[in-house]
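Structure first, then comments.
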Amino acid sequence: MAKFGGTHMLELRNIHTHYGLSHVLQGISLTVERGEVLGLFGRNGVGKTTLIKTVAGWVTPSEGQYEFEGQSMLGVSSDQICRKGIGLVPEDRRIFPGLSVEENLVLGFMQTPAVGRAQQARKLESIYQRFPRLAERRKQSGTTLSGGEQQMLAIARVLVGEPKLLQIDEPTEGLAPMIVNEIFDLILALRQDGVPIILVEQNVHRAIEVVTRFCVIERGRIVLQGRADDPESHQTLLKQLAM
Amino acid sequence: MAEALEWMQYVLAPQVINGASIGVAVVLMALGLTIIFGLLDVINMAHGEFYAMGAYAAVILIAIGIPFWWALLLTPLFMAVVGYAVERTLIQRVFHSKDRHTLTLLLTFGLAIVLEDVLKIAFGANPMRIETPIGGSIEVFGLFFPNYRMFVMGMGSAIVAAVWIFIFRTRVGAIVRAAAFDRHMTASLGVPVNKVYALTFALGVALAGIAGVLLAPIYSVFPTMGRDFVLIAFSVVIIGGMGSIKGAVIAGLLLTQIQSISSLYISPVWSDPLLFGCMVLVLMWRPQGLFGRLGHG
């Protein structure tokens, strides 16, 4: 394994995270490289979302090291982590009520405060081209959208800031099968655009089609890692998750 | 018919105008309180003392020869700096603890006691007055109203409108509303939420300060002047909905009108019990207040 502080885009080494007395992450070590989509799989409550929150700075690890592009992110606030280039689409979308679709999107520009208004307008138009349903509803309150549209909005809101690494937590939870297909198509398109992604997903059968590599987490530890294009790893994964 | 018109012109209208001029100042106070609560979840018990500090700041500025109009501009700026410093140095210390609500309540309550005593030591307990900057009166429908009260109404309304536009029609306002609803998600979009909190606290304190300056020429300036006034503002915020800007404006204007008009029929001694009675009724019927909280749709 490469030395810590090497060329990995994201590197976590022996991360432990506690919620009070509950020891949720118990020594997670992983890396994410440029251009890859890493799937985090495992049953509910094993620590996948906590891992995402730790990377986003919502939760402070009690032990371990965490670097992004060679810089330590320990003790860095979540707004600074975001401005360094780590975008987050959280589990429950967290669309701001009372804010229109466009206001929700415009907030995403806070990830890159140096970008001028003209460039922002161009970026917004390109986002609307990618998500035409959001363009149709740009003046509508974000929370009045359907579940699928809200998920699109949550992803688009982060994409306006052009994150270097995108974390997406359970994007298809509670969505109709047709919308689920759209979300996976979008993730695949982002992968083709070269956006590195950490994807937490329960729908492993579909997720394995879009990820390049995966980790299975159990009780706060990584118990299995593999490549998605390796049929043997694929079978071990399904066996591990008892599917 | 003629009697009714005369009653409206000579009895009701003056009460309505007087009530409105106090109402606008109450709204300014309540607006600061409700914005601070809506965003930070902090019940600012020192808000009345910030109002008094605003009035005393104007007294000092005028005493050293600065015109009232400059004092009206400089005091809210000074109070905004005070508010920013209080948020960063005191509120932030306890803001992330589990007992945040209790600790911030006790902290601001303690701060209120300290500020009140500092004002007593610095200026004494005797009331002070500021000369009314606009003399004379204006005739409206055959009645004369002091020009300064009309100015307070106009200025207060303009400030309320400006705050409304700032919160609901600007990008920064959208950030404030987003941070009020979900600070984690807002931070994960790159917003320095702690700075937004401090600046919003500063805005709330500046609004209390500007209410202090505006009312200083109408009422006396004394160290405990904020106590009674903040009770009315708290009632307004509770009735309008804790954290609701719309609620603070509507409840503030409505309640001061109820107080003002009721004093035609009942002793003014009963005006505060009437106000608190309204608050109890609203709490029984709609405990969350009349309108929704800032950032919650």
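Numbers below:
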{"quantity": "Odd one out for A:L105 among (1) surrounded by fewer than 20 Cβ atoms within 10 Å (Cβ to Cβ); (2) more than 8 Å from every other protein chain (Cβ to nearest Cβ)", "calculated": "(1)"}
{"quantity": "Failed item, numbered, when A:I168 is tested on (1) modelled with pLDDT under 95; (2) surrounded by 18 or more Cβ atoms within 10 Å (Cβ to Cβ); (3) on the phi < 0 side of the Ramachandran plot; (4) not in a helix (DSSP H, G or I)", "calculated": "(1)"}
{"quantity": "Test: A:T50 is within 8 Å of chain B (Cβ to nearest Cβ), within 19 Å of the chain's Cα centre (by Cα) and over 18 Å from B:A179 (Cβ atoms)", "calculated": "no"}
{"quantity": "Residue list for region B:61-90, restricted to those being among the β-branched types (V, I, T), more than 20 Å from the chain's Cα centre (by Cα) and surrounded by 16 or more Cβ atoms within 10 Å (Cβ to Cβ)", "calculated": "B:I62"}
{"quantity": "Number of the condition not met by A:F184 [criteria: (1) assigned to a strand (DSSP E or B); (2) in contact with a helix residue (DSSP H, G or I) (Cβ under 6 Å, 6 or more places away or on another chain); (3) among the aromatic types (F, W, Y)]", "calculated": "(1)"}
{"quantity": "Those residues of region A:54-90 which are crowded, with 17+ Cβ neighbours inside 10 Å and over 20 Å from A:E162 (Cβ atoms), in sequence order", "calculated": "A:T54, A:W58, A:V59, A:P61, A:G64, A:Y66, A:E67"}
{"quantity": "Cross-chain or 6+ apart pairs with Cβ under 7 Å, region B:187-198 first and within 8 Å of chain A (Cβ to nearest Cβ), then among the acidic types (D, E)", "calculated": "B:A187/A:D79; B:G190/A:D79; B:V191/A:D79; B:P192/A:D79; B:V193/A:D79"}
{"quantity": "Filter result (more than 18 Å from A:L165 (Cα to Cα) and either of a type in the set (A, V, I, L, M, F, W, C) or at the interface with chain B (Cβ under 8 Å from one of its Cβ atoms) (or both)) within region A:108-128", "calculated": "A:A114, A:V115, A:A118, A:A121, A:L124"}
{"quantity": "Residue in region B:248-255 that is modelled with pLDDT of 90 or more and either within 14 Å of another protein chain (Cβ to nearest Cβ) or surrounded by fewer than 18 Cβ atoms within 10 Å (Cβ to Cβ) (or both) present", "calculated": "yes"}
{"quantity": "Within region B:199-297, helices (runs of 4 or more DSSP H) holding 1 or more residues that are basic (K, R) and within 24 Å of B:A161 (Cβ to Cβ)", "calculated": "B:245-262"}
{"quantity": "Meets criteria (buried (at least 16 other Cβ atoms within 10 Å of the Cβ), under 18 Å from the mean Cα position of the chain (by Cα) and either farther than 19 Å from A:I198 by Cβ or within 14 Å of chain B (Cβ to nearest Cβ) (or both)) for A:I28", "calculated": "no"}
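The values are calculated or read from the model by the stated rules, or taken from the named source; none is laboratory data. Every value quoted in this text rests on a predicted model; they were computed, and no experiment measured them. Virtual Cβ from ideal backbone geometry, glycine too; neighbours counted across all protein chains shown.
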